[in-house]
Amino acid sequence: MVPVTPEKLFEILTKYAHSKGQELNNDREHTMSIIRGILENEKRNGYRGCPCRLNSGDREKDKDIICPCVYKDKDVEEYGSCYCGLYVSHEWNQNPDKRVTVPERRPFDKLFG
C-alpha cells in the first residue's frame, strides 16, 4: 500500500468536507499541520486518530476520535469549527473575529481511561 502524502490527503479531505457542506480551515499552515499529525498517527497506530487528542493506540478505544471524529458535525454546527480546527463552516473561515474555543466533547472516562 502506497502511503498517502499530506497534499493528497488535503485533496481528499477537501472533497469530503464539501460533500458535508463544510470546508477545511483556510489557514493552510494549521490545516497541513493537523493533516501531518493524522498521517503520523496512522503510521504509529494504524488508524487516523485526531492529533489534537491523546490516542491510546487501541483502535476500538479510539474509534470516536478517528478523523473525522464523531464530534465533528456537532462542533461545526454549534461553534463553526471542530475541536482541532480542521473542519469548519464557511462562515467560520470568513469571520475570524467571531471564532470561539471549541470545548472538549469526549467523555472524561475516554480522555484518561
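The values are calculated or read from the model by the stated rules, or taken from the named source; none is laboratory data. Because the structure is predicted, anything quoted here is derived from the model rather than measured. Cβ placement follows ideal geometry from the backbone for every residue including glycine, while neighbour counts extend to all protein chains displayed. Each accessible area value is taken on the protein alone, full model and side chains, heavy atoms only, with ligands, DNA and RNA left out. Shrake-Rupley method; radii C 1.70, N 1.55, O 1.52, S 1.80 Å.
Looking only at the stretch 58-67, which residues are open to solvent by 30 Å² or more (accessible area, probe 1.4 Å) and in contact with a strand residue (DSSP E or B) (Cβ under 9 Å, 6 or more places away or on another chain)?
Restricting attention to the stretch 58-67, the residues satisfying the condition of being open to solvent by 30 Å² or more (accessible area, probe 1.4 Å) are 58-61, 63, 66-67.
Those that are open to solvent by 30 Å² or more (accessible area, probe 1.4 Å) and in contact with a strand residue (DSSP E or B) (Cβ under 9 Å, 6 or more places away or on another chain): Arg59, Ile66, Cys67.
Report every pair of residues separated by at least 6 positions or lying on different chains whose Cβ atoms are under 8 Å apart, first residue within the stretch 30-41 and under 20 Å from Asn93 (Cβ atoms) and at pLDDT 95 or above, second open to solvent by 30 Å² or more (accessible area, probe 1.4 Å) and assigned to a helix (DSSP H, G or I).
So the pair list comes out as Thr31/Phe10; Met32/Pro6; Met32/Phe10; Ile35/Pro6; Ile35/Phe10.
Are any residues in the stretch 78-112 basic (Lys, Arg) and under 17 Å from Asn26 (Cβ atoms), and if so, which ones? Break it down stepwise before answering.
First pass over the stretch 78-112, keeping only residues basic (Lys, Arg): 98-99, 105-106, 110.
Once the filter is applied, which keeps residues that are basic (Lys, Arg) and under 17 Å from Asn26 (Cβ atoms), the stretch 78-112 yields Lys98, Arg99.
So which helices (runs of 4 or more DSSP H) are wholly in the stretch 38-113 and hold at least 1 residues that are within 13 Å of the chain's Cα centre (by Cα) and among the hydrophobic types (A, V, I, L, M, F, W, C)? Walk me through how you get there before you give the answer.
Details: elements: 72-79, 90-94, 108-112.
Qualifying helices (runs of 4 or more DSSP H): 72-79.
Just to be sure, is Val70 open to solvent by 90 Å² or more (accessible area, probe 1.4 Å), in contact with an Asp or Glu (Cβ under 8 Å, 6 or more places away or on another chain) and closer than 18 Å to Lys20 by Cβ?
Here the answer is yes, as Val70 does meet what is asked.
So in the stretch 73-91, with the set limited to residues that are in contact (Cβ under 8 Å) with a residue 60 or more places away in the chain and touching a strand residue (DSSP E or B) at 6+ places or on another chain (Cβ under 8 Å), which one is most open to solvent (accessible area, probe 1.4 Å)? Let's see the steps before the verdict.
First, pick out the residues of the stretch 73-91 that are in contact (Cβ under 8 Å) with a residue 60 or more places away in the chain: 85-90.
Checking the rest, the ones that are also touching a strand residue (DSSP E or B) at 6+ places or on another chain (Cβ under 8 Å) come to 86-90.
Values: Leu86: 0, Tyr87: 3, Val88: 0, Ser89: 21, His90: 91 Å².
Per the criteria, the residue is His90.
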